[in-house]
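Following: one structure in structure tokens, then a few remarks.
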Amino acid sequence: MSIVAENISLHIADFDLLRNINLSVEAGVVTVLVGPNGAGKSSLLKVLTGEMEPTRGSVLLNQLELSQWDRQEKANLLAVLPQHSVLNFPFTASEVVGLGCIPHETGYAKDQKITAEALQVVDASYLQRRLYTQMSGGEKQRVQLARVLAQVWLPSQHGDQFLVLDEPTAAFDLSHQQMTLDIVKKLSARGVGVLMVLHDLNLAARCADNLVVMNGGVIEACGSPDNVLTEQLVSKVFNVQATITRHPVTDTPLVIT
Amino acid sequence: MRYLSATALIWILAAVLPVVAIVSLSLGTVSIPFQKIIETLVYAFSGNAEYSQINSIILDIRLPRLILVLLVGAVLASLGAVMQGLFRNPLADPSLIGVSGGASVGASIVIVFAGGAMLPPLAGLSLLAFGAFIGGVISTLIVYRVATSSLGTSVTTMLLAGIAIGAIAGAINSLLSYFSDNQMLRQISVWQMGNLGGANWLKVTIMGSISVVLLALLPSQAKALNALLLGESEARHLGIHVQKIKRKLIFLTALGVGASVALAGLIGFVGLVIPHMIRLLIGPDHRWLLPASALAGASLLIVADSIARVVVLPAELPTGILTALLGAPIFVALLHRQREEL
């Protein structure tokens, strides 16, 4: 199953933010969106997650139109981590992650267990009882990541699940960037479809099964990182002269600027 | 870190409330010993109270007032918590959506154009109460309409529209005051200070029914309010029907605050400060914040009202003056402690 964008266009206040986009985000696959600022990555995420209605075209989640889904069932299938969080109330980390359990509500004890496990996965167990408002940017982002992980922690009876992350690694140090890639890989191995926006092309090359390059509201290239990442493309899309070689350990494309 | 668990605080508040209530019943021009109060209440509830002057003071004067005060305090404080959650702003209070401004215009219009309380009461309620309630509901509707478009209700626009409506209401109030005589002026300003005198069992019944509606509908919104603190789109992704929740909560707030203002005048501070204080103690989880705020709001208003009744015997002060005098120092102390921790 999949999230499918069928010929989507988004037109807001005289601007074409997205033009004729066709994209399929498959379950069990890591799809990574890259592109320069203003390429339409966040707009595409908003349309794919139902936050914005496309001007034309439609979005199907597991073959059913997004707007047709029951709210709670949809929340069990699709978890979304936004770029910025506006939470400024003093919840503890456990309470924030517990909010991710709202859609499935499997009972207090089970919610507690999921919360603790999700916090451990993002290396934030030590934050459990700390107040969100007193955490550093990276700690906050890890807690939010744990929240969306908790939302799709258990498989759902309603179908394949998807996790959408908008620049999850932006506030992370090197080790937590690596941790995020590991989490994403593990989830996709379990059958969860992952869609994320990344800015670091090398990070994208290392974890993407399907790399989607956006530019000016259209999809410029799409496929495995090996095929997509060429010097020509990087120069055209990002306007940067880069050398592309192979990573000595992981044997994935390595972009050197 | 928090020092107090939510359940512990709720038990403490639940234990404090009856103590405060009985002390309040005993205080007044005639002070009545606790034992006599409990005796009278037990007899009254078992349905065989005899008539005596003391019984009459307790059952006809002090008890209805106590219950009205309790309900108004609980409703204002819990709806304050609801508004702060909905607006994601700890400085929001129930008057933000225009209820209080509209209600005071409604009250002033009745006082100036209809002679206020001089008019024969309608079914036991003064015309003033009707005017205030209608004024409050109308201004909330205006604020809600202004902030609602095809994209849903914007809480930011609502906040600003509430301020604008508040300003217009203030101007109309000043205009009405300018054209009123001394007697009317005094009535308007006393009403605006909030007064719980003149409570009767009819008022208690009205406020009680509204409280029952709120009690039935608010707890089920606690989780949605928690999710809303993350942001509206985050709440939507958690399966919450955000627009429906907003409509419901704004309607309930207009109803609850409208009724409180109509029956008790403007009582400031309770709705703003009580939820804030409770949040400092046990955190923002609305499943505990709403009941704890209700209990604390009830206790605070009972204490404030008791002091208002006895401090200048045989006269009494408007209760609204006392809520701020009592609540503000506690609030400042809590803020101070919180700053030291950071």
(message) Please determine whether any residue of the range A:89-98 is within 22 Å of A:HIS11 (Cα to Cα), modelled with pLDDT of 90 or more and in contact with a strand residue (DSSP E or B) (Cβ under 7 Å, 6 or more places away or on another chain).
(response) no
(request) Give B:ILE67, B:ILE61 a once-over and let me know the one that is assigned to a helix (DSSP H, G or I), away from chain A (no Cβ under 14 Å), within 18 Å of the chain's Cα centre (by Cα) and surrounded by fewer than 24 Cβ atoms within 10 Å (Cβ to Cβ). (result) B:ILE67
(message) Every residue in the range B:237-246 that is facing chain A (nearest Cβ under 7 Å) and assigned to a helix (DSSP H, G or I), please.
(response) B:HIS237
(message) Considering only residues that are under 11 Å from B:PHE269 (Cβ atoms) and either touching a Leu at 6+ places or on another chain (Cβ under 8 Å) or not hydrophobic (A, V, I, L, M, F, W, C) (or both), which ones fall in the range B:306-334?
(response) B:THR319, B:GLY320, B:THR323, B:LEU326, B:GLY327
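Quick check, is B:THR319 at pLDDT below 90, buried (at least 20 other Cβ atoms within 10 Å of the Cβ) and not charged (D, E, K, R)?
Numbers: at pLDDT below 90: yes; buried (at least 20 other Cβ atoms within 10 Å of the Cβ): yes; not charged (D, E, K, R): yes.
When the stated conditions are applied, B:THR319 passes them.
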(message) Quick check on the range A:13-21. Is at least one of its residues within 14 Å of chain B (Cβ to nearest Cβ) and touching a helix residue (DSSP H, G or I) at 6+ places or on another chain (Cβ under 9 Å)?
(response) no
(message) For the list (1) more than 12 Å from B:LEU238 (Cα to Cα); (2) of a type outside the set (Phe, Trp, Tyr); (3) within 7 Å of chain B (Cβ to nearest Cβ), I need the number of the one condition that A:ILE102 fails.
(response) (1)
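Can you name every one of the strands (runs of 3 or more DSSP E) wholly within the range A:1-66 that holds 1 or more residues which are under 20 Å from the mean Cα position of the chain (by Cα) and surrounded by fewer than 19 Cβ atoms within 10 Å (Cβ to Cβ)?
Values: elements: A:2-12, A:15-26, A:30-34, A:56-61.
Strands (runs of 3 or more DSSP E) meeting the threshold: A:2-12, A:15-26, A:56-61.
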(message) I'd like to know if the range B:220-233 contains one or more residues that are away from chain A (no Cβ under 14 Å), touching a residue at least 40 places away in the same chain (Cβ under 8 Å) and buried (at least 19 other Cβ atoms within 10 Å of the Cβ).
(response) no
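Results for (1) surrounded by 14 or more Cβ atoms within 10 Å (Cβ to Cβ); (2) of a type in the set (Val, Ile, Thr); (3) modelled with pLDDT of 90 or more, shown as yes or no for each residue.
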| site | (1), (2), (3) |
| --- | --- |
| A:GLN141 | yes, no, yes |
| A:LEU198 | yes, no, yes |
| A:ALA208 | yes, no, yes |
| A:VAL212 | yes, yes, yes |
| A:GLU220 | yes, no, yes |
| A:ASN227 | no, no, yes |
| A:VAL237 | yes, yes, yes |
| A:PRO248 | no, no, no |
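Residue by residue, here is whether (1) within 21 Å of A:ALA208 (Cβ to Cβ); (2) of a type in the set (Ser, Thr, Tyr) holds:
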| position | (1), (2) |
| --- | --- |
| A:GLN120 | no, no |
| A:THR133 | no, yes |
| A:ARG147 | no, no |
| A:GLN151 | no, no |
| A:SER156 | no, yes |
| A:VAL164 | yes, no |
| A:THR169 | yes, yes |
| A:GLN177 | yes, no |
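Each row is one residue, and each column tells you yes or no for (1) of a type in the set (Asp, Glu); (2) part of a loop (DSSP other than H, G, I, E, B); (3) more than 11 Å from every other protein chain (Cβ to nearest Cβ).
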{"position": "A:GLY138", "(1), (2), (3)": "no, no, yes"}
{"position": "A:GLN141", "(1), (2), (3)": "no, no, yes"}
{"position": "A:ALA146", "(1), (2), (3)": "no, no, yes"}
{"position": "A:TRP153", "(1), (2), (3)": "no, yes, yes"}
{"position": "A:ALA170", "(1), (2), (3)": "no, yes, yes"}
{"position": "A:SER175", "(1), (2), (3)": "no, no, yes"}
{"position": "A:MET179", "(1), (2), (3)": "no, no, yes"}
{"position": "A:ASP182", "(1), (2), (3)": "yes, no, yes"}
(request) Run B:ALA21 past the list (1) small (Gly, Ala, Ser); (2) outside any helix (DSSP H, G or I); (3) surrounded by 14 or more Cβ atoms within 10 Å (Cβ to Cβ) and report the number of the one that doesn't hold. (result) (2)
(message) Exactly one condition in (1) touching a residue at least 24 places away in the same chain (Cβ under 8 Å); (2) within 25 Å of B:LEU215 (Cβ to Cβ); (3) out of contact with any helix residue (DSSP H, G or I) (no Cβ under 6 Å at 6 or more places or on another chain) is false for B:ILE57; which is it?
(response) (2)
(request) Filter the range A:119-136 for residues that are part of a loop (DSSP other than H, G, I, E, B) and of a type outside the set (D, E, K, R) and give the result. (result) A:VAL122, A:ALA124, A:GLN128, A:MET135, A:SER136
(message) Exactly one of these conditions fails for A:GLN161: (1) closer than 22 Å to A:LYS46 by Cα; (2) surrounded by fewer than 21 Cβ atoms within 10 Å (Cβ to Cβ). Give me its number.
(response) (2)
(request) Test A:LYS46 against the criterion of being under 27 Å from B:LEU229 (Cα atoms), at the interface with chain B (Cβ under 10 Å from one of its Cβ atoms) and modelled with pLDDT of 90 or more, and give yes or no. (result) yes
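Residues in the range A:78-99: is at least one over 28 Å from B:PRO90 (Cα atoms), away from chain B (no Cβ under 14 Å), out of contact with any Pro (no Cβ under 8 Å at 6 or more places or on another chain) and in contact (Cβ under 8 Å) with a residue 40 or more places away in the chain? Lay out the reasoning, then the answer.
Step one: filter the range A:78-99 for residues over 28 Å from B:PRO90 (Cα atoms), giving A:78.
So of that shortlist, the ones also away from chain B (no Cβ under 14 Å) come out as none.
No, every residue in the range A:78-99 fails to be over 28 Å from B:PRO90 (Cα atoms), away from chain B (no Cβ under 14 Å), out of contact with any Pro (no Cβ under 8 Å at 6 or more places or on another chain) and in contact (Cβ under 8 Å) with a residue 40 or more places away in the chain.
The values are calculated or read from the model by the stated rules, or taken from the named source; none is laboratory data. Since the model is a prediction, treat every value here as computed from it, not as a measurement. No Cβ is skipped: glycine too gets one built from the backbone with ideal geometry, and neighbour counts run over all protein chains shown.
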